[in-house]
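Single-structure report; data block below.
The values are calculated or read from the model by the stated rules, or taken from the named source; none is laboratory data. Worth saying up front: this structure is predicted, and the values here are computed from it rather than measured. Neighbour counts are summed over all protein chains in view; Cβ atoms, including those assigned to glycine, are modelled from backbone coordinates with ideal geometry. Surface areas here come from the heavy atoms of the whole protein model, side chains and all, with no ligands, DNA or RNA. Shrake-Rupley method; radii C 1.70, N 1.55, O 1.52, S 1.80 Å.
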Amino acid sequence: MTTHWLMKAEPEERLVNGKDVSFSVDQFEKVQVSPWDGVRNYQARGFLRDQMKVPHQVLFYHSNTKLPGL
């Protein structure tokens, strides 16, 4: 049985405490690996930290955009 995760990111500029926290699929493709440090929900953060493993599959989508992308 394969486990699937749904991940979202906001590709358009969004400032939090003066820092741009946007992150797009294009940026992810360039860096390949990146910490997922913008999760504000403690339960969701725990699931990601403790249960997300290789080779789980991920559906990555953009939110807060005029044209959401998958």
Item checked: Residue among W36, T65, V21 farthest towards the positive dipole end of the chain, charges placed on Cβ -> W36
Note to self: Can you tell me the orientation of helix 42-51 relative to the chain, as the angle in degrees between its alpha-carbon axis and the longest Cα principal axis, to the nearest 10?
What the structure shows: 50 degrees
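Leaving out ligands, DNA and RNA, and with a 1.4 Å probe, what % of the accessible surface on the chain is carbon or sulfur? Please list the in-between numbers first.
Working: 3330 of 6060 Å².
With neighbouring chains kept in place, the figure for the chain is 55 percent.
Go through 39-49, 4-14 and give me the packing order, highest mean Cβ count within 10 Å leading.
My ranking of the peptides, most packed first, is 4-14, 39-49.
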Check: Hey, what's the chain come to in accessible area per residue, 1.4 Å probe, Å²?
Finding: 87 Å²
Next item on the list: Output the relative contact order of the chain, whole-number percent, from Cα pairs under 8 angstrom with separation of 6+ residues.
Entry: 47 percent
Note to self: What FRET efficiency comes out for V16 versus V54 if R0 is 25 angstrom and r is the Cβ-Cβ distance? Round to the nearest 0.05.
What the structure shows: 0.30
Checklist line | √(5λ) per eigenvalue of the Cα gyration tensor, the chain, largest first, Å | finding: 21, 15, 12
Notebook entry, point to check: About the Cα centre of the chain, what is the dipole size in debye to 20, counting +1 per Lys and Arg Cβ and -1 per Asp and Glu Cβ, all else neutral?
Noted result: 220 debye
